[in-house]
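Q: Pasting a structure here, questions to come.
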Amino acid sequence: MTHRKLLQTAAALAADYLDSLPTRAVAPTVAALDSLRALDRPFPERPTDPLAVLRELDARGSPATIASAGGRFFGFVVGGSLPAAVAANVLAAAWDQNAGITVLAPGAAAFEAVALRWLLEALHLPPQAAGGFVTGATMANFTCLAAARYALLERSGWDVEADGLFGAPPLTVVVGDEVHVSVVKALGLLGLGRSRVVRVPTDGQGRMRADRLPPLDSRTIVCIQAGNVNTGACDPVGEVSRAAHESGAWLHVDGAFGLWAGAAPARAPLVAGVEDADSWALDAHKWLNVPYDSGVALCRDAAALWRSMAPGPAAYLVHGSTREPDDYTPELSRRARGVEIWAALASLGRTGLADLVERCCRHAACFAAGLDAAGYEVLNDVTLNQVLVSFGDDAKTRRVIEGIQADGTCWCGGTVWHGRAAMRISVSSWATTEDDVERSLAAMIRVARAVA
């Protein structure tokens, strides 16, 4: 079996799968899930024809997927993949480049350098900022907070990369009550503690209250968020930024999806002042709609990011005079994630990226208006792409969510907001159309009335 025949078959099967998304149910059928049991068999004794492997992969795997690549998946902040990004992913997989160092992947390094510059331009962040391509927001937060840890302790005369945290001057970490779990996990991995954080109260939309900030100093890391995972609300960047910088604190922005608001002129005021932060964590597999996994860590202080991430001397690692990718990420070996980011940005351009963000926000507003008109309670101010809705008491709301997931027209998840069960609608995909919204809204209302 030649590569060409196998890849042509894979491309045809992938195209058939994508073509099926507008008409198939978003959730897999019981039969499709039952079919997965056939995979639980002994490890084969002999080789199997690659084409047979591919066909089984498609026959059992494709029907068992959640159709999050389509236009009617709203359960999490999960974008579909833009056509150019999918195609770039396939080509980059064929290249099979280890994008850690330039000598191993000169083309990938060049695409990533341009993608990084384009990201900074699109989001109006400082052009001198350094960055690294990682798996997602958890590792982006980890990478940025490692740079913050290094920079703040270095000011106190302590080299944390050389000497560790034993005996180091203590650092204070300030977060909002609505901090995302990825930030908390990153703090734990860095030895800064999940429970040692100082939590700041938030308002009714989940925004950090700047008037309740504790005293800050030059050994404080302040973590704010652009895009609350439930409401979409953004912390008051400008106010917190001024307080942080007046005291010499480090300001980090968890902007996994909300930071993309800066690319859309009508939504940019929601993150006004974000350019004054010291570091930013970003997901590309959310609102930029590139394949999983893809995140970006951005840091104003390039030296701090380099000192916290560079692997150090090794005779076999050949580093050139240009930017070396592994100097800015936790991994030495990794796939060329920046190639897909470059492809997405190249295909969209500035106006296309702005339209993608704005279109999702308009769809979210349509969901909110339709559910409100039908008599259901929208629990948040819909300023971005997130909608929270209650269908009555908690038990009824949960039954509606279960009914919507079983119905298959669309898929939404549940959450708890200020002690109340709610359904969460996240509109993040380029593939979502007005027809998808109308079909999904009608299904939501139909299921809710049937439960009532």
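The values are calculated or read from the model by the stated rules, or taken from the named source; none is laboratory data. In this text the structure is predicted, and so the values were computed from the model without any measurement. A quick note on method: Cβ atoms are made from the backbone with ideal geometry, for glycine too, and the neighbour counts reach across all protein chains shown.
Q: Counting only residues that are of a type in the set (S, T, N, Q) and under 24 Å from the mean Cα position of the chain (by Cα), how many does the range 316-334 have?
A: Number of matching residues: 2.
Q: For residues in the range 402-431 being over 20 Å from Ala373 (Cβ atoms) and in a loop (DSSP other than H, G, I, E, B), which is nearest to the chain's Cα centre (by Cα)?
A: Selected residue: Ser428.
Q: Related question: Just to be sure, is Val357 more than 20 Å from Gly204 (Cβ to Cβ) and among the aliphatic types (A, V, I, L, M)?
A: yes
Q: Does Arg323 fit the bill of being modelled with pLDDT under 95, among the basic types (Lys, Arg) and either farther than 26 Å from Asn89 by Cβ or surrounded by 15 or more Cβ atoms within 10 Å (Cβ to Cβ) (or both)?
A: So Arg323 passes the test.
Q: Moving on to the next point. For the range 96-104, state whether one or more residues are in contact with a His (Cβ under 8 Å, 6 or more places away or on another chain), crowded, with 18+ Cβ neighbours inside 10 Å and not in a loop (DSSP other than H, G, I, E, B).
A: Among the residues of the range 96-104, not one is in contact with a His (Cβ under 8 Å, 6 or more places away or on another chain), crowded, with 18+ Cβ neighbours inside 10 Å and not in a loop (DSSP other than H, G, I, E, B), which makes the answer no.
Q: Oh, and also: Residues to consider are Gly167, Gly176, Gly136, Gly157; find the one that is closer than 27 Å to Asp283 by Cα, free of Cβ contacts under 8 Å to residues at least 60 places away in the same chain and not charged (D, E, K, R).
A: Details: Gly167 fails: closer than 27 Å to Asp283 by Cα; Gly136 fails: free of Cβ contacts under 8 Å to residues at least 60 places away in the same chain; Gly157 fails: closer than 27 Å to Asp283 by Cα.
Checking each option against the conditions leaves just Gly176.
Q: Something else now. Are any residues in the range 251-279 farther than 17 Å from Asn385 by Cα and surrounded by fewer than 24 Cβ atoms within 10 Å (Cβ to Cβ), and if so, which ones?
A: Result: Ala272, Gly273, Glu275, Asp276.
Q: Separate question: Residue by residue through the range 438-452, note down the ones that are more than 29 Å from the chain's Cα centre (by Cα) and either buried (at least 16 other Cβ atoms within 10 Å of the Cβ) or part of a helix (DSSP H, G or I) (or both).
A: Listed by number, the residues that qualify are Ile445, Arg446, Val447, Ala448, Arg449, Ala450, Val451.
Q: Still on this structure: Regarding Asp393, is this residue free of Cβ contacts under 8 Å to residues at least 40 places away in the same chain and among the acidic types (Asp, Glu)?
A: On the way: free of Cβ contacts under 8 Å to residues at least 40 places away in the same chain: yes; among the acidic types (Asp, Glu): yes.
Yes; evaluated as a whole, the condition is true for this residue.
Q: While we're on this one: Can you pull out the residues in the range 1-13 that are free of Cβ contacts under 8 Å to residues at least 12 places away in the same chain and either closer than 27 Å to Thr409 by Cα or within 26 Å of the chain's Cα centre (by Cα) (or both)?
A: Residue satisfying the conditions is Ala12 alone.
Q: In a helix (DSSP H, G or I), of a type in the set (A, V, I, L, M) and exposed (fewer than 15 other Cβ atoms within 10 Å of the Cβ): does that describe Ala84?
A: Numbers: in a helix (DSSP H, G or I): yes; of a type in the set (A, V, I, L, M): yes; exposed (fewer than 15 other Cβ atoms within 10 Å of the Cβ): no.
So Ala84 fails the test.
Q: Determine whether Val77 is closer than 28 Å to Leu356 by Cα, outside any helix (DSSP H, G or I), in contact (Cβ under 8 Å) with a residue 60 or more places away in the chain and among the hydrophobic types (A, V, I, L, M, F, W, C).
A: yes
Q: For the range 346-389, how many residues meet the condition of being assigned to a helix (DSSP H, G or I) and among the acidic types (Asp, Glu)?
A: Kept after step one, since they are assigned to a helix (DSSP H, G or I), are these residues of the range 346-389: 346-373.
Still in the list and also among the acidic types (Asp, Glu): 355, 358, 372.
Residues in the range 346-389 being assigned to a helix (DSSP H, G or I) and among the acidic types (Asp, Glu): 3 in total.
Q: Taking only pairs six or more apart or across chains, which ones have beta-carbon atoms under 7 Å, a first residue in the range 405-424 that is touching a residue at least 40 places away in the same chain (Cβ under 8 Å) and more than 18 Å from Asn230 (Cβ to Cβ), and a second residue that is buried (at least 23 other Cβ atoms within 10 Å of the Cβ) and basic (Lys, Arg)?
A: Thr409/Arg72; Cys410/Arg72
Q: Would you mind listing the helices (runs of 4 or more DSSP H) fully within the range 156-271 where at least 2 residues are of a type in the set (D, E, K, R) and farther than 27 Å from Thr329 by Cα?
A: 237-247
Q: Only residues that are more than 20 Å from Glu331 (Cα to Cα) and in contact with a helix residue (DSSP H, G or I) (Cβ under 6 Å, 6 or more places away or on another chain): list them for the range 127-155, please.
A: Within the range 127-155, Pro127, Ala151, Leu153 qualify.
Q: If a residue has to be assigned to a helix (DSSP H, G or I) and closer than 10 Å to Glu275 by Cα to count, how many in the range 115-132 make the cut? Give the steps one after another, and end with the answer.
A: Taking the range 115-132 as the starting set, the residues that turn out to be assigned to a helix (DSSP H, G or I) are 115-123.
Adding the requirement that they be closer than 10 Å to Glu275 by Cα leaves 120, 123.
Counting residues in the range 115-132 that are assigned to a helix (DSSP H, G or I) and closer than 10 Å to Glu275 by Cα gives 2.
Q: I'm told Ala365 meets every condition in (1) modelled with pLDDT of 95 or more; (2) touching a helix residue (DSSP H, G or I) at 6+ places or on another chain (Cβ under 8 Å); (3) surrounded by fewer than 23 Cβ atoms within 10 Å (Cβ to Cβ) except one. Can you identify the failing condition by its number?
A: Ala365 satisfies every listed condition except (2).
Q: Tell me which of these His245 doesn't satisfy, since it passes every other one: (1) more than 22 Å from Ser182 (Cα to Cα); (2) within 26 Å of the chain's Cα centre (by Cα); (3) buried (at least 16 other Cβ atoms within 10 Å of the Cβ).
A: (2)
Q: Does any residue in the range 329-350 that is of a type in the set (D, E, K, R) come within less than 7 Å, Cβ to Cβ, of a residue that is surrounded by fewer than 24 Cβ atoms within 10 Å (Cβ to Cβ) and modelled with pLDDT under 95 six or more places away or on a different chain, and which pairs are these?
A: Correct list of pairs: Glu331/Gly100; Arg334/Gly100.
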